[in-house]
Amino acid sequence: MKVEGIQAIWFKSTHSYPIWCLHSIRNHRCFTVSGESAYEADRSDGVEKIEAAKRVKIGVYFATWWFLNVIFNIYNKKVLNVFPYPWLTSTLSLAAGSAIMLISWATKVVEAPNTDLEFWKYLFPFVSSRVYDFVFA
């Protein structure tokens, strides 16, 4: 069933009575049905807290990525000052990262991504441009 402004309709069971929830773009309303009576409970405050927590989580991921990227760049500059072979250093770094991921996927430490031919067709132009950038920069 499609209702304007409603993203999803889902069923949640709590205690011994069911709760029907409608999740819209702006708010979250639940209807509790017990016997013949029904009432509506506004749960938009809980949804806002969950969305704020997701934003904080993404912010922490971004800050962590940025911090580790800065450390990597400093370390990489120090390595290239001592061992001036950037192609070899990059190749060894890529090989080590690939080996770590293959071992992680083989031992099921990390779930391997599910990809199909459409994914690779979509990704190919981006990968080609990055290879061009690395080779000719």
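The values are calculated or read from the model by the stated rules, or taken from the named source; none is laboratory data. Note that the coordinates shown come from a computational prediction; the quantities given were computed from them, not determined experimentally. A quick note on method: Cβ atoms are made from the backbone with ideal geometry, for glycine too, and the neighbour counts reach across all protein chains shown. Just the protein is used for accessible areas: all its heavy atoms, side chains included, with ligands, DNA and RNA removed. Shrake-Rupley method; radii C 1.70, N 1.55, O 1.52, S 1.80 Å.
Okay, here's what the table says:
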{"item": "Residue list for the range 73-82, restricted to those being of a type outside the set (Lys, Arg), open to solvent by 100 Å² or more (accessible area, probe 1.4 Å) and closer than 21 Å to Phe134 by Cα", "result": "Tyr75, Asn81"}
{"item": "All positions within the range 83-100 that are open to solvent by 70 Å² or more (accessible area, probe 1.4 Å) and at pLDDT 95 or above", "result": "Ile100"}
{"item": "Any hit, the range 51-66, residues being polar (S, T, N, Q) and either exposed (fewer than 10 other Cβ atoms within 10 Å of the Cβ) or more than 26 Å from the chain's Cα centre (by Cα) (or both)", "result": "no"}
{"item": "Exclusive hit being modelled with pLDDT of 95 or more and either outside any helix (DSSP H, G or I) or farther than 30 Å from Leu92 by Cα (or both), set Ile58, Ile50", "result": "Ile58"}
